[in-house]
1. Rounded, prolate or oblate: which fits the range 77-225 when a ≥ b ≥ c are the square roots of the eigenvalues of the alpha-carbon gyration tensor, with rounded for a/c under 1.5 and prolate only if a/b beats b/c?
2. What do you get for the angle between helix 308-318 and the principal long axis of the chain? Use alpha-carbon atoms, 0 to 90 degrees, nearest ten.
3. When 84, 157 are ordered from fewest to most other Cβ atoms inside 10 Å of their Cβ, what list results?
4. Length gain on complete extension for the stretch residue 52 to residue 144, per 0.36 nm per residue less the alpha carbon to alpha carbon distance?
5. State, in angstrom, two size descriptors of the range 2-128 derived from its alpha carbons: Rg to one decimal place and Dmax to the nearest whole number.
6. What distance in nm separates the simple spin-label points at residue 291 and residue 184, each placed 7 Å from Cα in the Cβ direction?
7. Using only Cα atoms, find the angle between the long axis of helix 83-92 and the longest principal axis of the chain, and express it within 0 to 90 degrees, rounded to the nearest 10.
8. Would you mind ranking 312, 11 so that the residue whose beta carbon has the fewest other beta carbons within 10 Å leads the list?
């Protein structure tokens, strides 16, 4: 059971002070009265400016110094390949952890963090913005109520205008998020650091699928291609889930700049079909008994933003909220699917256990 902090602000540290941390997470935390920004860890000459801008007490380039400080929680927004060792050390110290997606690059590392988080009894949240939208929460309630029965087939598709990001030109993404700190190409377009569309974007759609349904992949046969980029821009896979259901996965990085993100999840069950479409902002239930239902969705609610997850992280720590829509287990199910997809592609598309 998580011990809540109610008598004082949550003392927060941060590891990683780049584009996403400074454009999204830090402004949210700095604006909250129930958060005290204690320390920030990063690299480069701009670190002191980040400390001053957001009001951290100290800045350091040493992650161990940050983790050893008097803090309750840590935000990890480093390159993907550093997530596991840093999150593991934080959990060893009994800290609450917000760890950026993908949670790790390998399935064994992801499930190691799940076990560590359970042992620590602290909050572990992976900030997937679509998992917190009112329309996806409503869709999950419908599934939990048995609206379509047992799932037999699941389609999970995502496409986004990110070809420049994975091809080392982050101009469009920088403009989209209005940050003063450009995305580091070594994070997004380097295979060694977990770059590519699967780790960078399918992590979103698959985590949404797994949170909505509770499914878990058993195996995947997949292919990815780079199409001239240093990392994968297109991904496709056939999934077999543990409950025996079949699934299809697809991803494409080459929408035109400014186009709406596509995330399309279609679930076919023993009693009906549920469609979730963030681009057209619709959730439609069609049951085999003739019942039809369309959820009312506010205009632009399908647009991606990540405002709720950092706030929810603090609310879970203080006890102000109890629902974690992207916990360590959700993150791990996404990681193990992507890990198997990439291994399958490297082996020629053979069916590969997660």
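Readers should treat all values here as calculations from the given coordinates under stated rules, not as data from a laboratory. This is a predicted model, so every value here is computed, not measured. Heads up, the Cβs are rebuilt from the backbone with ideal geometry, glycines too, and the neighbour counts pull from every protein chain shown.
1. Since a/c reaches 1.5 but b/c is at least a/b, the shape of the range 77-225 is classed as oblate.
2. Its long axis makes an angle of about 60 degrees.
3. Ordered from fewest to most neighbouring Cβ atoms within 10 Å, 84, 157 come out as 157, 84.
4. Full extension of this stretch gives 28.5 nm more.
5. 13.6, 38
6. Computed distance between label sites residue 291 and residue 184 equals 5.1 nm.
7. Tilt of helix 83-92: around 60 degrees.
8. Ranked by crowding around the Cβ, least crowded first: 11, 312.
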